[in-house]
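The values are calculated or read from the model by the stated rules, or taken from the named source; none is laboratory data. Not measured: the values here are computed from a predicted model. Cβ sites come from the backbone with ideal geometry, for glycine too, and all protein chains shown count toward neighbours.
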Amino acid sequence: MSIAAAPVALTAPLSPSFALPPPHLPMRRFTVAEYHQLIQLGVLTENDRVELLEGWLVHKMPHNPPHDGTIQVANESLIGRLPAGWKTRIQSSITTADSEPEPDITVVRGDARTYLLRHPGPSDIGTLIEVADSTLHLDRGDKARLYARAGIVIYWIINLVDRQVEVYTDPTGPDAAPRYRQRQDYPETASVPLVLDGQQLTLIPVRDLLP
């Protein structure tokens, strides 16, 4: 039986942290095209643990075993429930208008060869998932704002702190204060709906997504 808290309407803007540099320091933002150029020229390599977030080069957070283990657990739970034409990608880049983040899990259209020449964009993404423990405030704030601005339709946070899955929907898109208008929390005793293209396909027990 699915047990869930009532949906929460998100009306307040999500607080930025990586979006605003210290005002006394000269800073430069990069476009997605410039970021790609830095990679092609070898200025940035796979050994540089950075990602482009709202135009800024941001250091990626280090991972602990519960975080990485949960990604594997959740991915295995998802794979067997996806219909034909959908795949998961783990910690692989997506491209938005001003960012190239690397979400923990992304459910995308296509097959293993679809993204050999480009990264998925918002229209390719059915559900995007971050696993959060020490990064919970960032995933609820900065990442949620970024994904809402891009129009990612469904954003999950697998919250290891409170042992629940938070589902964010109804993004504003490129608003003055981008946000998801709705949030619904699913505790460990509940089941979270897997929705792709507006259709609920199945219910996944939250316990199957947690370590």
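Each row is one residue, and each column tells you yes or no for (1) polar (S, T, N, Q); (2) farther than 29 Å from W56 by Cβ.
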| position | (1), (2) |
| --- | --- |
| L116 | no, no |
| Y168 | no, no |
| G173 | no, no |
| Y186 | no, yes |
| T202 | yes, yes |
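Quick check on this structure: which one of A112, A148, A144 is touching a residue at least 24 places away in the same chain (Cβ under 8 Å), in contact with a Lys or Arg (Cβ under 9 Å, 6 or more places away or on another chain) and surrounded by fewer than 18 Cβ atoms within 10 Å (Cβ to Cβ)? After applying the criteria, what remains is A112.
Taking the listed residues Y186, Y180, the one that is hydroxyl-bearing (S, T, Y), crowded, with 19+ Cβ neighbours inside 10 Å and farther than 24 Å from E102 by Cβ is Y186, with no other qualifying. Highlighted here are the strands (runs of 3 or more DSSP E) found entirely within the range 29-115 that include at least 1 residues which are modelled with pLDDT under 90, over 18 Å from L210 (Cβ atoms) and of a type in the set (F, W, Y): 56-59.
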